[in-house]
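To start, the structure under review is shown below, and the notes come after it.
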Amino acid sequence: MKILAINGSPRGSRSQTLRLVQAVLEGARSAGADGELVDVAKLQIEYCTGCLTCCERGECVRDDDFAALYQQMLESDGIVFGSPNYIDSVTAQIKTMLDRMADAIHCQVFTGKYGCAVATAGGSGADEVVAYLNGVLRTLGATTVGGVGVVLGGDPEAIVPAEGRAYELGKRLAQAIANKETYPEQERFHAAMQERMQALVTANKDRWQHEYDYWQAAGRIP
């Protein structure tokens, strides 16, 4: 059982978001998972150009660190996203990574995986960032098990109980993977996304050969 945690804060060891991400990993490890942490701010990930080569050939024209990180995601059973709130959204580092995953959404490559999210904020918006990141995970096909958001501007010590909640979130993530837990509302969402992406890929099959072949190999398109 492999958990990959991706921290989107650019603050390195000073990152409060990092503390939450590490707590999630510690909780997951206590429940029997293997965990790995990636600091996305230390990677070289270029902007998506919208060329759609990934849809056509299943590869990117960019020669950077994204391909290796993406492979780590594919090999993981659980994904943890973490980001501070930067002007009502995730950091540029996380967003740049996510923008490179159009093909992953079209192919629903996180189907069968589980995930969760954590976020910090100085004044407000931590829960909104958690909701955004969990929404991305579901859009990629993963089932989410919850999140932890904490606002620190008025009380820097609030990070301590938040770490405890993040630890429990990690345990919950590992248990969900082990038990293959399902949630009816998310199952309906996944079914709708599968239908939507199947129709999209089929409509573009003459251009997006890689994605069409992927869906056929998965037995989702006759």
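The values are calculated or read from the model by the stated rules, or taken from the named source; none is laboratory data. On a predicted model such as this, the values are computed, not experimentally measured, just so you know. Cβ: placed from backbone, ideal geometry, glycine included. Neighbour counts: every protein chain shown. Please note that ligands, DNA and RNA were not included when accessible areas were found on the heavy atoms of the full protein model with its side chains. Shrake-Rupley method; radii C 1.70, N 1.55, O 1.52, S 1.80 Å.
Here are the numbers for the structure shown:
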| read-out | value |
| --- | --- |
| Flag if L137 is open to solvent by less than 20 Å² (accessible area, probe 1.4 Å) and part of a helix (DSSP H, G or I) | yes |
| Subset of the range 80-112 (residues that are in a loop (DSSP other than H, G, I, E, B), free of Cβ contacts under 8 Å to residues at least 60 places away in the same chain and open to solvent by less than 40 Å² (accessible area, probe 1.4 Å)) | N85, R100, M101, V109, F110 |
| All positions within the range 6-21 that are free of Cβ contacts under 8 Å to residues at least 60 places away in the same chain and either polar (S, T, N, Q) or closer than 17 Å to I177 by Cβ (or both) | S13 |
| Leading residue by the ranking (farthest from A162 (Cα to Cα)) among those in the range 1-26 that are among the aliphatic types (A, V, I, L, M) and open to solvent by 10 Å² or more (accessible area, probe 1.4 Å) | M1 |
| Close pairs (6 angstrom Cβ cut-off, 6 or more residues apart or separate chains): closer than 15 Å to Q216 by Cβ in the range 190-204, in a helix (DSSP H, G or I) anywhere | M197/H106; V201/H106; V201/E211; V201/Y212; V201/W215 |
| For K180: the one exception among (1) open to solvent by less than 70 Å² (accessible area, probe 1.4 Å); (2) at pLDDT 95 or above; (3) at positive phi | (1) |
| Residues being of a type in the set (V, I, T), part of a helix (DSSP H, G or I) and in contact (Cβ under 8 Å) with a residue 12 or more places away in the chain - total across the range 147-174 | 1 |
| Residue satisfying condition, being open to solvent by 70 Å² or more (accessible area, probe 1.4 Å) and in a helix (DSSP H, G or I), within set Q71, Q44 | Q71 |
